[in-house]
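Accompanying notes for the structure given below.
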Amino acid sequence: MIESFEGARTPAIEWPMKKCERHGCERVWKAGERRWRCPKCELEKKRRYRSGHIDECRERDRKLARSERRMEYSRQYSRRRRREQRDRVYARAAAERAVKSGRLTRPESCPRCGSSAHRIEGHHFSYAPEDRLAVLWFCIRCHAQLDAAILLAGDDGSPYRVTLEFMGRYARSKSGASR
């Protein structure tokens, strides 16, 4: 007898054994099972099917191998990107935590164009641990323009200098337009 978790005693179930006629392998025959093949019989069945459908099986195996290679490449690529961009992820997460805790405030409108219709995003000059909270806030359009200006500057200018020029150019154009 087996004790259940409530302490009541229940009779142990004795499952009948099923024996393979071809190979003599034995296994417990559970209720509800219609048929059972021993591992050797299952292997023979697969071999018989494969011998009659060799082209289909080869093509299926090729597709499976390709998909597995593709998945493994994708996994390796993701791991590599995560390692390479770890500082970016940490900086973004630190800025979000600071906004939620109140140490940083996200403005309601873009300081460059004044738009409040677009989502406001944070721009990091550097992803270094000491600069994680050094964030400028722009609307999504101005942020894209800034990133494009930084890419166009390439190795010639630091992102900090390009950002200052970007902000200054806009301020000059705005002051010239109001005169």
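Filtering the stretch 35-58 down to residues that are among the acidic types (Asp, Glu) and surrounded by 11 or more Cβ atoms within 10 Å (Cβ to Cβ), which residue is nearest to the chain's Cα centre (by Cα)? It comes out as 56. If you check residue 162 against the conditions, is it more than 23 Å from residue 82 (Cα to Cα), touching a helix residue (DSSP H, G or I) at 6+ places or on another chain (Cβ under 6 Å) and either part of a loop (DSSP other than H, G, I, E, B) or at pLDDT 70 or above (or both)? Criteria met by residue 162. Of the residues making up the stretch 119-130, just one is modelled with pLDDT under 85 and of a type outside the set (Phe, Trp, Tyr), namely 126. Go through (1) outside any loop (DSSP other than H, G, I, E, B); (2) farther than 18 Å from residue 161 by Cα; (3) touching a Lys or Arg at 6+ places or on another chain (Cβ under 8 Å); (4) not aliphatic (A, V, I, L, M) for residue 80 and report which single condition fails. The single condition residue 80 does not satisfy is (3). Annotation note: of 101, 116, 173, 109, the sole residue that is out of contact with any Lys or Arg (no Cβ under 9 Å at 6 or more places or on another chain), hydroxyl-bearing (Ser, Thr, Tyr), modelled with pLDDT of 85 or more and more than 22 Å from residue 89 (Cα to Cα) is 109. Close contacts from the stretch 63-91, counting a first residue that is surrounded by 10 or more Cβ atoms within 10 Å (Cβ to Cβ) and a second that is not in a helix (DSSP H, G or I) and not small (Gly, Ala, Ser), with Cβ to Cβ under 8 Å and a gap of 6+ residues or different chains, come to 87/127; 88/124; 88/127; 90/127; 90/132; 91/124; 91/127; 91/132. Among the residues of the stretch 92-113, the one identified as touching a residue at least 12 places away in the same chain (Cβ under 8 Å) and within 19 Å of the chain's Cα centre (by Cα) is 92. The listed residues are 84, 68, and the only one of them that is within 31 Å of the chain's Cα centre (by Cα), at pLDDT below 85 and under 30 Å from residue 142 (Cβ atoms) turns out to be 84.
The values are calculated or read from the model by the stated rules, or taken from the named source; none is laboratory data. Keep in mind that this is a model prediction, so the values were computed, not measured. In this analysis, Cβ positions are derived from the backbone assuming ideal geometry, glycine residues included, and neighbour counts consider all displayed protein chains.
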